[in-house]
1. Relative to the longest principal axis of the C-alpha atoms of the chain, give the angle of the C-alpha long axis of helix 119-131, reported between 0 and 90° and rounded to the nearest 10°.
2. Go ahead and set up a Gaussian network model of the chain, Cα springs under 10 Å, then flag whichever of Arg81, Arg41, Arg112 fluctuates most.
3. Can you compute the helix-only [θ] at 222 nm over the chain? Use -39500 (n - 2.57) per DSSP H run of at least 4 residues, normalise by all residues, nearest 500 deg cm²/dmol.
4. Could you check the simple spin-label distance between Asn121 and Leu74, using points 7 Å along Cα→Cβ, in nm with one decimal?
5. Hey, what did segment 74-138 get for relative contact order, percent, Cα under 8 Å, at least 6 apart?
6. Springs between alpha-carbon pairs under 10 angstrom, Gaussian network model over the chain: which of Lys119, Lys48, Lys110 fluctuates most?
7. For the pair Arg7 and Ser128, how long in nm is the line joining their label points, each one 7 Å along Cα→Cβ?
8. Which of these values of semi-axes √(5λ) of the Cα gyration tensor in Å was calculated from the structure shown: [x] 26, 16, 15; [y] 29, 15, 12; [z] 29, 18, 15?
Amino acid sequence: MIEVQARTGGSVIALIEVDPAEISAYGCADVSAVDCEGHVRVNRLVEKPSIADAPSNLAVIGRYVLNPAVFDVLEETEPGRGGEIQLTDALQTLATSDCEGGGVYGVVFKGRRYDTGDKLNYLKAVISIASERVEFPT
């Protein structure tokens, strides 16, 4: 992700494909392919959309390399969903901005990921990782 930020000068977010039925638990990205470099351009971000309003099944997974311009945008961002200032809203502003530090890019993560903010997924993570340890033979 750092390499993408160095090439583009914008902010970079990690994305993962999720089952469409799960997208309402995440920020969601509408993207277009950039090139064979392995990243995408974020056109639009929607915080926790309904299935019907989701522009894709690409979820923002809380890993960021942000251009410092995001702090100026956050200062001007009005509270959004849930009455909170949302980073997703600030990134949406940067995604459509031509200012220095503007542009948001995504790197689609392929691999194993556990959402430890969910109790069942936290338990699955502990069991899965523990089962791979040599001191806990199966």
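Each value in this text was obtained by applying a stated rule to the coordinates, not by laboratory testing. Keep in mind it's a predicted model, so treat the numbers as computed, not measured. Backbone-built Cβ (ideal geometry, glycine too); neighbour counts: all protein chains shown.
1. The angle comes out near 60 degrees.
2. With Cα springs under 10 Å in the chain, the top fluctuation among Arg81, Arg41, Arg112 is at Arg112.
3. After summing the helix terms and dividing by residue count, I get -7500 deg cm²/dmol.
4. Here the answer is 2.2 nm between the modelled labels.
5. Over segment 74-138, the number comes to 13 percent.
6. With Cα springs under 10 Å in the chain, the top fluctuation among Lys119, Lys48, Lys110 is at Lys119.
7. 2.8 nm
8. Looking at semi-axes √(5λ) of the Cα gyration tensor in Å for this model, the match is [z].
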